[in-house]
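Q: Can you keep this structure in mind? I'll have questions shortly.
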Amino acid sequence: MSGNQEPILVKEESVEGIPSPLLKLKSWQWWALVSINIFFLIGGQAASVLLGRFYYDQGGNSKWMATLVQTAAFPILYIPLLLLPSSSSDPASCSLKTIVLIYVLLGVIIAGDNMLYSVGLLYLSASTYSLICATQLAFNAVFSYFINAQKFTALILNSVVLLSFSAALIALNDDADAPSGVSRSKYIVGFVCTLAASALYSLLLSLMQFSFEKILKKETFSVVLEMQIYTCLVATCVAVIGLFASGEWRTLHGEMEGYHKGKASYVLTLVGTAVTWQVCSVGVVGLIFLVTSLFSNVISTLSLAVTPLAALAVFHDKMSGVKVMAMLIALWGFSSYVYQNHLDDLKVRRARKQAQTGQNRTGAC
């Protein structure tokens, strides 16, 4: 094969492992899939964060409802799943009991993580919340090293540092006041919950990557969607149980009646939040599938720099010079990681060509 028509080799271990459809993709096709998932992640996360903040600002106060909408729209993922080839015809790599156990474990982790983020966003200012969320890259660096055997280079380290610094710049430059009526004890609860959520989110990404590579051993996008659907199903069930067990369901009618923008806006806000969270989640899992959990986390952190642009357009927020600088730094860090991935791809291509050349010479002898 010539230049741009050679299959992309995403992970070096894929050459020695089970044959993957990713190996059949041309370079531009792989980059197209990665770009689509990046768009889903950044766009979905920016929209969901803005809608979540809008929900609280306009009178919403249910933490369990804010948790529930983060996974409740999972049935819409059956649409693309039905359009994709079924993975059920593939040879079973593990038992049904193991698969169910994976889905339940990850689903419970997702529900707990969503709840922690909901509490953190309720009790913290936007600046403190964003700054703490940026720590997820540091957590993921640790988890990916121990769980996924992630190797770090100077470019990857540069990317992590720049993106973390960018998120910190945006957070420190935020002029928003602390939420009114929040006591010192609630502030501490919000701080601890957001920090724990960042760590748990990073662990979740590494566990998903580990499940794809070591347990499920199926490299099809239908497997990605199935994991997203069934883990969200479990997380939604946990959130519904929490909503009724806590008694918050009794306050929802009054919350809708007192919503500042009206009942229709209340419903649309929750529906929109649910849909955009699913779009974001597909991007997250898709990038884990196509690249690594660390790359997915880097893009998640990049969205912290993109969200102010969306806020500028929707809420007419002020765009200071520091925020513009932070976004440029984030783009620099993002480009650094993408370039490292490009170098890794070239390295694997060369190794594969050398191996093929060696085999041809041996055959000729």
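Q: Could you sort out which of LYS151/LYS214; LYS151/LYS347; LYS97/LYS151; LYS97/LYS214 sit more than 21 Å apart by Cα distance in this structure?
A: Details: LYS151/LYS214 17 Å; LYS151/LYS347 15 Å; LYS97/LYS151 32 Å; LYS97/LYS214 16 Å.
Exceeds cut-off: LYS97/LYS151.
Q: Quick check for me: using +1 on Lys/Arg Cβ and -1 on Asp/Glu Cβ, what's the dipole size of region 184-252 about its Cα centre, in debye to the nearest 20? Mind showing how you got there, number by number?
A: Numbers: 6 positive and 4 negative charges, 50 e Å.
Dipole size: approximately 240 debye.
Bear in mind that the values in this text are calculations on the coordinates, not laboratory data. This one's a predicted model, so the numbers in the text were calculated from it and none came from an experiment. When we count neighbours, we look across all protein chains shown, and the Cβ atoms used for this are built from the backbone with ideal geometry, even at glycine.
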